[in-house]
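One structure below.
The values are calculated or read from the model by the stated rules, or taken from the named source; none is laboratory data. Owing to the predicted nature of the structure, the values given are computational and were not obtained by experimental measurement. Heads up, the Cβs are rebuilt from the backbone with ideal geometry, glycines too, and the neighbour counts pull from every protein chain shown. For the accessible areas, the whole protein counts, side chains as well, though only heavy atoms, and no ligand, DNA or RNA atoms are used. Shrake-Rupley method; radii C 1.70, N 1.55, O 1.52, S 1.80 Å.
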Amino acid sequence: MRHGHSCAGGSPHLTRFVSLAHKNRMAQCYSVTPVNFSGTLTLHSALDADVENHTRTTNPLVDYGPFGRHLLPDALTADDKTMTCQSTAVNSKLAMACGSVHLLSKAAAATRQQANDVAAWIEYDFAAAQGHTITLEKLTVYTDSLDMEKDAMLPFVNEELAAFAADGYSKEFAAHAALMKHFWETADIRVDGDAPLQQGLRFNLYHIM
């Protein structure tokens, strides 16, 4: 089952956030409840490094051209729990690294993984029972060569993934939600009687977090 695809016979639910508590962390929690079947349920998780730019030549963002691949993968790895990727921008030579570790609500009956030149993925087969929810937490860490030396990026990602896995999705989300609550309590601007203006103000406040 892939994110964004329909699930025949299953009821999927996805939550995700980019953490304000730790700037290098983001997470997804994917739950599926079989509603009219019992049998094998497959969850597929991937890191896609085959990135192409489709922007104007006047775009001010670093290393964005009109078309084509401008962030090239250096290395991808995958084992039964973790995937990593490191890539370098063609023109600026800025580099980034990311990785994901997976926490499962029940043991998988089978696991497959693969890493090639442009992607890494892991698939989990579960013995699913009707009405019983299966949950996969995908915890992701990312960094770049503006924050550290290139050789230090993947060691940092792996170390931070271990710490993130120890914390888990719920603990990180609680810390993130507390900071969000504090932000809106201290920075919100209320405008009575003008809903579009209120929406515009809050939209822009959200983007300057």
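Can you tell me which residues in the stretch 108-121 are assigned to a strand (DSSP E or B) and closer than 11 Å to THR42 by Cβ?
Within the stretch 108-121, ALA110, THR111, ARG112 qualify.
Filter the stretch 106-124 for residues that are within 26 Å of LYS23 (Cα to Cα) and either open to solvent by 10 Å² or more (accessible area, probe 1.4 Å) or not small (Gly, Ala, Ser) (or both) and give the result.
VAL118, ALA119, TRP121, ILE122
Looking at PHE183 and the list (1) more than 17 Å from LYS81 (Cα to Cα); (2) modelled with pLDDT of 95 or more, which single condition is not satisfied?
For PHE183, the exception is condition (2).
Working only within the stretch 163-209, note down all residues that are open to solvent by 90 Å² or more (accessible area, probe 1.4 Å) and polar (S, T, N, Q).
Once the filter is applied, which keeps residues that are open to solvent by 90 Å² or more (accessible area, probe 1.4 Å) and polar (S, T, N, Q), the stretch 163-209 yields THR186, GLN199, ASN204.
What do you reckon, is CYS98 within 22 Å of VAL157 (Cβ to Cβ), modelled with pLDDT of 95 or more, in contact with a Pro (Cβ under 7 Å, 6 or more places away or on another chain) and open to solvent by less than 30 Å² (accessible area, probe 1.4 Å)?
no
Check whether at least one residue in the stretch 197-206 is at pLDDT 95 or above and closer than 27 Å to LEU71 by Cβ, and report yes or no.
Checking the stretch 197-206: not a single residue is at pLDDT 95 or above and closer than 27 Å to LEU71 by Cβ.
If we keep just the residues of the stretch 80-102 that are among the small types (Gly, Ala, Ser) and in a strand (DSSP E or B), which is farthest from LEU146 (Cα to Cα)?
SER100
Do we find that THR88 is more than 24 Å from TYR169 (Cα to Cα) and in contact with a strand residue (DSSP E or B) (Cβ under 6 Å, 6 or more places away or on another chain) in this structure?
When the stated conditions are applied, THR88 passes them.
Considering only residues of the stretch 140-157 that are among the charged types (D, E, K, R) and surrounded by 14 or more Cβ atoms within 10 Å (Cβ to Cβ), which is farthest from VAL101 (Cα to Cα)?
Filtering first and then ranking leaves LYS150.
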